[in-house]
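Trainee: Take a look at this one; I'll ask things after.
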Amino acid sequence: MPAGEAFSGRQLEAIERALRQAEKSSGLSYSVFVGDTEGDPRAAGRRLLGALGPKADQHVVSVVDPSHRDLAILAGSKAAYHLDDRATALAAMSMTSSFAAGDLAGGIIDGLRTLAEHARQPRTLHFDEV
Amino acid sequence: MSVLQALGVFVAIPLTFFALVMLLVYIPSWIRGPKYRPGLSWWAEPVWIGGGDPALVATAEPVAEGGGCSARW
């Protein structure tokens with residue numbers, strides 16, 4: 001198949017809207033990478049986090065590799081306090097169930113929504129130190 | 001009915017009709033462009049939505065993540 005755009009304009013808009021909403025509701029920043037990662041989306045995600053520089057701490061990147069049918073969700077070191085592995089696994093499940101049906105954009109939007117819903121503020125244990 | 005008329009009625013008109021039906025069937029998918037189908041190869045350029053500068057990725061040092069998960073479909 002010829003090289004082209006992964007998403008239509010309307011799909012891109014919907015994904016960007018979901019990204020903004022997720023950022024607004026959870027306070028973390030999100031991005032989605034869709035492309036070939038040579039079968040190792042986790043390594044690709046680490047490089048993407050590296051490219052973000054100091055912003056990587058508060059960032060959650062979802063790496064979707066449609067050619068290898070592989071997905072990785074990586075949370076930066078501070079973002080991981082808010083998003084435990086159970087929450088990312090839940091988001092991954094909602095993404096992959098849509099991907100398996102051929103709906104990339106819908107899966108990404110569902111996954112972002114799940115991530116934002118489960119990103120919680122960590123409990124404050126020492127009120128006197130706040 | 002001359003030969004030319006017969007050709008027109010029995011060949012040209014049905015062919016035009018078939019072509020019209022074919023166009024009506026294919027036009028929506030031409031407009032939408034290729035669709036992702038699981039199991040077939042991926043055709044599109046990589047995109048990083050909401051991320052940083054894609055040019056930096058090639059030279060960026062990998063950063064260890066704080067958490068996350070992987071999945072396949």
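Trainee: Taking only Cα atoms, what is the 0 to 90° angle, nearest 10, from helix B:13-32's long axis to the longest principal axis of chain B?
Mentor: 10 degrees
Trainee: Here's another thing I want to ask about it. With the cut-off at 1.5 for a/c, could you classify segment A:9-120 from its C-alpha gyration tensor as rounded, prolate or oblate?
Mentor: Verdict is rounded for segment A:9-120.
Trainee: Give the lysines whose C-alpha is closer than 19 Å to that of A:Lys55, dropping any in the same chain fewer than 8 places away, or say none.
Mentor: A:Lys24, A:Lys78
Trainee: When DSSP beta bridges are limited to those with both residues in the protein assembly as shown, what percentage is antiparallel, rounded to the nearest 5?
Mentor: Here the share of antiparallel DSSP bridges comes out near 70 percent.
Trainee: Averaged across orientations, what area in nm² does the convex hull of the alpha carbons in segment A:36-99 project?
Mentor: 4.1 nm²
Trainee: So what's chain B giving for Rg/Rh, alpha carbon basis, Kirkwood Rh from the mean inverse pair distance?
Mentor: 1.40
Trainee: Output needed for segment A:5-67: three equivalent-ellipsoid semi-axes, defined as square roots of 5 times the C-alpha gyration tensor eigenvalues, in descending order, whole Å.
Mentor: Rounded to whole Å, the semi-axes are 19, 18, 8.
Trainee: As an exercise, use a Förster radius of 45 Å and the Cβ-Cβ distance of A:Arg113 and B:Ala55 to find the FRET efficiency, rounded to the nearest 0.05.
Mentor: That gives a FRET efficiency of 0.90.
Trainee: Place a label point 7 angstrom from the Cα of A:Lys78 along the Cα-to-Cβ direction, then list the residues of segment A:45-61 whose backbone nitrogen is under 20 Å away.
Mentor: A:46-61
Trainee: Something else: Regarding segment B:31-73, what's the average projected area of the Cα-atom convex hull, expressed in nm²?
Mentor: Seen from a random direction, the Cα hull of segment B:31-73 projects 5.3 nm² on average.
Trainee: A further question on this structure: Give me the aspartates and glutamates in straight-line cross-link reach of B:Lys35: C-alpha distance below 20 Å, same-chain residues under 8 apart excluded.
Mentor: In chain and number order, the partners are A:Glu5, A:Glu13, A:Glu16, A:Asp36, A:Asp65, A:Asp70, A:Asp103, A:Asp110, B:Glu45.
Trainee: To continue, here is another question. In square nanometres, what is the average projected area of the Cα convex hull of the protein assembly as shown?
Mentor: Reported value for the Cα convex hull: 14.8 nm².
Read-outs: derived from the displayed coordinates by stated rules, not from any lab. Note that the coordinates shown come from a computational prediction; the quantities given were computed from them, not determined experimentally. Note that we place each Cβ from the backbone using ideal geometry, even for glycine, and neighbour counts take in every protein chain shown.
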